[in-house]
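The values are calculated or read from the model by the stated rules, or taken from the named source; none is laboratory data. The model shown is predicted, which means the values in this text are computed figures rather than measured ones. When we count neighbours, we look across all protein chains shown, and the Cβ atoms used for this are built from the backbone with ideal geometry, even at glycine. Side chains are part of the model used for accessible areas, which takes the heavy atoms of the whole protein and leaves out ligands, DNA and RNA. Shrake-Rupley method; radii C 1.70, N 1.55, O 1.52, S 1.80 Å.
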Amino acid sequence: MTSVPTPIPSRTQFVLEGIKHRILTGQLTPGQALVETELAAQFGVSKTPVREALKTLAGTGLVVMNQYKGVTVRMVDADMAREVYDVRLLLEPEALRRSVRREVPWDAASDALTRADEASDTAERSLANREFHRALYVPCGNPLLGRMLDEVRDQAALVSAVAWAADPSWEREAAEHREILRLALDGDADGAAAALYAHIASFVERAFPEARVEQQAQRSQ
């Protein structure tokens, strides 16, 4: 018998989305302490939904819970970026290749690109970029593959937020997104997958040169 996931209470969901938004827009920075009483006061709730929201965020990798240091926003370094982007490089291009071969419509991806172009701040642009990538892999025909990529979405967004704060590069990435979508619309599955691989790899290499060096060292062994 298949178990049904327990729905998250509305107050917990409200707090969860609020904290996540603050993390992914840089209002809460990596390493910053997240104090339950302070967050409860800010969101106008008791500590219970805050505690549950933080547990969920720990499960997605956005925060770290330590019995001595309490809860903090996850630190982003080359090791963390490499781990997250290795998963994306292994799975996302193949998922896109399968989506293209299934001849799915690309309206959602196109709409996400438009929202990213029209975004008025980093938060809107980040959300639109995440939706663009999700629109590429969700129609792949393998729900498990889609869920696996969903599990690293928030961590990938955290890496992007930190990288953009240091070096805004979204114009370059937007051009790469448009090329990926063009290839998908043309039905070029291998070309789209290759362009997506290069897009993901080049971003993490630009943002975290240490990760690039270590990857090159691994390839040469």
*Quick one: Leu57 ticks every box in (1) in a loop (DSSP other than H, G, I, E, B); (2) over 23 Å from Phe203 (Cα atoms) bar one, so which box is it?*
(1)
*If you take the residues of the range 104-117 that are at pLDDT 90 or above and open to solvent by 90 Å² or more (accessible area, probe 1.4 Å), which of them is nearest to Ala192 (Cα to Cα)?*
Pro105
*Could you list, in sequence order, all residues of the range 6-59 that are touching a residue at least 40 places away in the same chain (Cβ under 8 Å), in contact with a Lys or Arg (Cβ under 6 Å, 6 or more places away or on another chain) and among the aliphatic types (A, V, I, L, M)?*
Leu28
*Hits in the range 16-49 - residues which are assigned to a helix (DSSP H, G or I), of a type in the set (Val, Ile, Thr) and surrounded by fewer than 18 Cβ atoms within 10 Å (Cβ to Cβ)*: Thr37, Thr48
*asked:* Considering only residues that are over 29 Å from Trp164 (Cβ atoms) and touching a Leu at 6+ places or on another chain (Cβ under 9 Å), which ones fall in the range 37-67?
replied: Val45, Lys47, Pro49, Glu52
*Sort out which residues of the range 68-103 are surrounded by fewer than 16 Cβ atoms within 10 Å (Cβ to Cβ), among the basic types (Lys, Arg) and in contact with a Gly (Cβ under 9 Å, 6 or more places away or on another chain), and write them in order of number.*
Arg101, Arg102
*Being assigned to a helix (DSSP H, G or I) and polar (S, T, N, Q) is the filter; apply it to the range 131-183 and report the residue that is surrounded by the most Cβ atoms within 10 Å (Cβ to Cβ).*
Ser160
*asked:* Which count do you get for residues in the range 76-88 that are at pLDDT below 90 and among the hydrophobic types (A, V, I, L, M, F, W, C)?
replied: 4
_Any residue in the range 98-124 that is over 16 Å from His177 (Cα atoms) sitting within a Cβ distance under 8 Å of a residue that is among the polar types (S, T, N, Q) and assigned to a loop (DSSP other than H, G, I, E, B)? List the pairs, counting only those 6 or more apart or interchain._
Arg98/Asn142; Asp121/Thr25; Thr122/Thr25; Ala123/Thr25
